[in-house]
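Take a look at the structure set out below.
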Amino acid sequence: DGTGVELIFLEEIFLELRHPKIFLLFPRGVMAERWNSSYIAEGMALPQRISPPEKISMDWQQRRRAGAGLFNLGNTCYINAILQCLTYTPPLANYLLSYEHSLSCQQQGFCMMCTMEAHVRKVLCSSDSAVLPGAVLRDLKFIGEEFEYGRQENAYKFLRCTLDAMHRACLSCDLDVSSKETTIVHQIFRGFMKSRVTCLSCQAVVDSYKAFLDVSLDIKAASSLTTVLEDCVTPKRLDQKERFRCSKCKKKAAASKKVTVHRAPRVLTLCLERADQWTGTKISKFVEYPEYLDLRPYMSDTAGEPLLCSLYAIVVHSGDTCLEGHFLCYAKASNGLWYKLDDESVDNCDIHTVLGQQAYLLFYAR
């Protein structure tokens, strides 16, 4: 159209733009690989929202102290840490405590949403100091086939499989494929990345988009979260193997690539990669992260008001190697206080203690 901007149409997963009949399709990526997706054609009905956005409340509907701890039945600390972080995710907990899912559940047999609904209610409303996440342990194979009871697993992997199972539990066979992308899980955790490739010969650009539920960050050379994010959005020259064919120049040309957050999720989940990608050894170092994170500098549109996110939970791995050790978490309860949640132990702590950890997973809420 003379603008020098090419919209790239690739396979799977849709991004609805402001114009009701314009859609960009973007490729399946690592962060979106577990999610069903499909194409939308012009003239199709817009998605029917399974969970209307107005039903998502980012503020706690009830205020109370921290709930119960979770018993460890042998190498189940990775399960406990993730369950506690999800329990203290305000929009998710509000939804689960409302009984909205179970009152209309159509699942036959195992349902991860019903399981989480019962679990969150038991943890937050129990008078016991610790409870057993029995239903989750019993149905571990339904959450992820790779999990074996009694074997140490990775908390990040369990988080992704749990969200996947919750997403699937919200689906029914009579929904069209586009409506299946509007579950409560997607509306809370899903965001969109924008990738812009610029031809260094003619300056033409190609934009593509990708959905994500979490972002994995390389911390090997980083001292802080902000420096990692700044590096992520800095344009990088594509090497010879990645050189692309410019449709304007009609030839392969040198190019640069810039990745930004196009649409921020309500809850941003960040994984600070603690395993060296070449040696597999654990990266045991402190990476500074803030209590309040402004996403605006990392957005496609950097103009406008700050887009503040507040830290509400972290997962920590202790141990010398990535193949063994112990997972625990810190979370902010609805009373605004921080707690250290280490299996059955629930202890008060302050924000300075939280910010001084070698964090593995960070949870921020807008």
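List of remarks:
- Just one of the listed residues (A93, A66) is open to solvent by less than 20 Å² (accessible area, probe 1.4 Å) and in a loop (DSSP other than H, G, I, E, B), namely A66.
- The set of residues in the range 190-215 being closer than 22 Å to E273 by Cα and touching a Leu at 6+ places or on another chain (Cβ under 8 Å) consists of R190, G191, F192, A211, L213, D214, V215.
- Close contacts from the range 244-255, counting a first residue that is within 13 Å of Q203 (Cα to Cα) and a second that is among the acidic types (D, E), with Cβ to Cβ under 6 Å and a gap of 6+ residues or different chains, come to S247/E6.
- Meets criteria (within 21 Å of I79 (Cα to Cα) and either at pLDDT below 95 or in contact with a helix residue (DSSP H, G or I) (Cβ under 7 Å, 6 or more places away or on another chain) (or both)) for V185: yes
- If only residues of the range 190-204 that are open to solvent by 20 Å² or more (accessible area, probe 1.4 Å) and more than 26 Å from the chain's Cα centre (by Cα) are counted, the one that is nearest to P235 (Cα to Cα) is T198.
- K220 meets all of the listed conditions (1) touching a helix residue (DSSP H, G or I) at 6+ places or on another chain (Cβ under 9 Å); (2) closer than 20 Å to E273 by Cα but one, namely (1).
- Taking first residues from the range 145-169 that are more than 21 Å from G325 (Cα to Cα) and partners that are outside any loop (DSSP other than H, G, I, E, B) and of a type in the set (F, W, Y), the Cβ contacts under 8 Å between residues at least 6 apart in sequence or on separate chains come to L163/F189; A165/F142.
- Selection of the range 151-165 for residues being under 19 Å from T76 (Cβ atoms), part of a helix (DSSP H, G or I) and not basic (K, R) yields A155, Y156, F158, L159, C161, T162, L163, A165.
- Only a single item in (1) part of a loop (DSSP other than H, G, I, E, B); (2) out of contact with any helix residue (DSSP H, G or I) (no Cβ under 8 Å at 6 or more places or on another chain) is not met by L171, and it is number (2).
- If the condition is being farther than 26 Å from D59 by Cα, open to solvent by less than 70 Å² (accessible area, probe 1.4 Å) and out of contact with any helix residue (DSSP H, G or I) (no Cβ under 8 Å at 6 or more places or on another chain), then the range 266-283 contributes E273, R274, A275, D276, G280, K282, I283.
- The residues in the range 127-146 that are part of a helix (DSSP H, G or I) and either open to solvent by less than 70 Å² (accessible area, probe 1.4 Å) or within 25 Å of R64 (Cβ to Cβ) (or both) can be counted, and the count is 6.
- Residue match in the range 74-84 (condition: within 26 Å of C322 (Cα to Cα), among the aromatic types (F, W, Y), surrounded by fewer than 17 Cβ atoms within 10 Å (Cβ to Cβ) and in contact with a helix residue (DSSP H, G or I) (Cβ under 8 Å, 6 or more places away or on another chain)): no
- Looking only at the range 348-359, and only at residues there that are open to solvent by less than 60 Å² (accessible area, probe 1.4 Å) and of a type outside the set (S, T, N, Q), the one that is farthest from V287 (Cα to Cα): C349
- When the range 160-182 is limited to residues that are among the hydroxyl-bearing types (S, T, Y) and more than 13 Å from the chain's Cα centre (by Cα), the one that is modelled with the highest pLDDT turns out to be T182.
- Which listed residue is closer than 20 Å to L361 by Cα, of a type in the set (A, V, I, L, M, F, W, C) and in contact (Cβ under 8 Å) with a residue 40 or more places away in the chain, from L92, L132: L92
- Selection count where residues are in contact with a Pro (Cβ under 8 Å, 6 or more places away or on another chain) and open to solvent by 40 Å² or more (accessible area, probe 1.4 Å), scope the range 214-265: 4
- Of the residues making up the range 320-347, those that are in contact with a strand residue (DSSP E or B) (Cβ under 6 Å, 6 or more places away or on another chain) and open to solvent by 30 Å² or more (accessible area, probe 1.4 Å) are T321, C322, G325, H326, K332, K340, D342, E344, S345, V346, D347.
The values are calculated or read from the model by the stated rules, or taken from the named source; none is laboratory data. These numbers come from a predicted model, not from an experiment. In this analysis, Cβ positions are derived from the backbone assuming ideal geometry, glycine residues included, and neighbour counts consider all displayed protein chains. The area values use the complete protein model at the heavy-atom level, side chains included, leaving out ligands, DNA and RNA. Shrake-Rupley method; radii C 1.70, N 1.55, O 1.52, S 1.80 Å.
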